[in-house]
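Down below is the structure, laid out as structure tokens.
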Amino acid sequence: MGNTLTRIAVIEDDADLNRLLCRRLSRADYEVHSAADGVAGLALMKEFPPAIAVIDWMMPKMSGIELIQRVRQDPELSGIKILMLTARSQEGDRIRARNSGADDYLVKPFAATDLLSSLQALEQQI
């Protein structure tokens, strides 16, 4: 699993899913910080730069796509590995997310084992 040195930012507007993700990742020994929208997520990542960010696509104030683009343009944040977590499952959506800078893409609903597997793969790239 993860280790306590791996910091993850969870940016997800669904409060129940946000709590569930934070709980599950904490139990897997990740250091987890979360935000409920893209604007707060960007501020969070600037204050507590994560190794990996789990970002929802459809959020208020700033979409996940715009958030990823801003992260990639910021020299201090550009190295963060990004897992886009979304209900959008069309091939064009996956391509758009990757072209915007997402390193991986997981469609909701998802299994916890798939999430952890994706995070472990991203950890190996750090």
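If the requirement is being touching a residue at least 24 places away in the same chain (Cβ under 8 Å) and in contact with a helix residue (DSSP H, G or I) (Cβ under 8 Å, 6 or more places away or on another chain), which of these qualifies: Leu67, Leu106, Leu44? Please lay out each step first, then the result.
Numbers: Leu106 fails: touching a residue at least 24 places away in the same chain (Cβ under 8 Å); Leu44 fails: in contact with a helix residue (DSSP H, G or I) (Cβ under 8 Å, 6 or more places away or on another chain).
Just a single option satisfies the conditions, and that option is Leu67.
Could we say that Ser78 is of a type in the set (Ser, Thr, Tyr), under 13 Å from the mean Cα position of the chain (by Cα) and under 19 Å from Arg7 (Cβ atoms) here? No: the conditions fail for Ser78. Annotation: Arg98 fulfils all but one of (1) in contact with an Asp or Glu (Cβ under 6 Å, 6 or more places away or on another chain); (2) under 16 Å from Arg72 (Cα atoms); the unmet one is (1).
Inspection of segment 32-39 finds a residue satisfying the criterion of being touching a Ser or Thr at 6+ places or on another chain (Cβ under 7 Å) and modelled with pLDDT of 95 or more. Among the residues of segment 102-113, the ones that are modelled with pLDDT of 95 or more and open to solvent by 40 Å² or more (accessible area, probe 1.4 Å) come to 1 in all. Residue under question is Leu77, and the condition is that it be closer than 15 Å to Ser34 by Cα and touching a helix residue (DSSP H, G or I) at 6+ places or on another chain (Cβ under 9 Å); does it hold? No; evaluated as a whole, the condition is false for this residue.
As a summary of the residue check, Thr6 satisfies the conditions (1) among the polar types (S, T, N, Q); (2) modelled with pLDDT of 95 or more; (3) within 14 Å of the chain's Cα centre (by Cα) except for the one numbered (2).
So, in segment 102-116, exactly how many residues are assigned to a loop (DSSP other than H, G, I, E, B) and closer than 16 Å to Leu20 by Cα?
First, the residues of segment 102-116 that are assigned to a loop (DSSP other than H, G, I, E, B): 102-103, 108-111.
Checking the rest, the ones that are also closer than 16 Å to Leu20 by Cα come to 108-111.
Adding up the residues that qualify gives 4.
When segment 71-100 is filtered for residues that are in contact (Cβ under 8 Å) with a residue 24 or more places away in the chain, among the aliphatic types (A, V, I, L, M) and under 25 Å from Ala112 (Cα atoms), the ones remaining, listed by number, are Ile80, Ile82, Leu83, Met84, Leu85, Ala87, Ala97.
The values are calculated or read from the model by the stated rules, or taken from the named source; none is laboratory data. Everything quoted here is computed from the prediction, not taken from an experiment. A quick note on method: Cβ atoms are made from the backbone with ideal geometry, for glycine too, and the neighbour counts reach across all protein chains shown. These area figures cover heavy atoms from the full protein model, side chains too; ligands, DNA and RNA do not enter into them. Shrake-Rupley method; radii C 1.70, N 1.55, O 1.52, S 1.80 Å.
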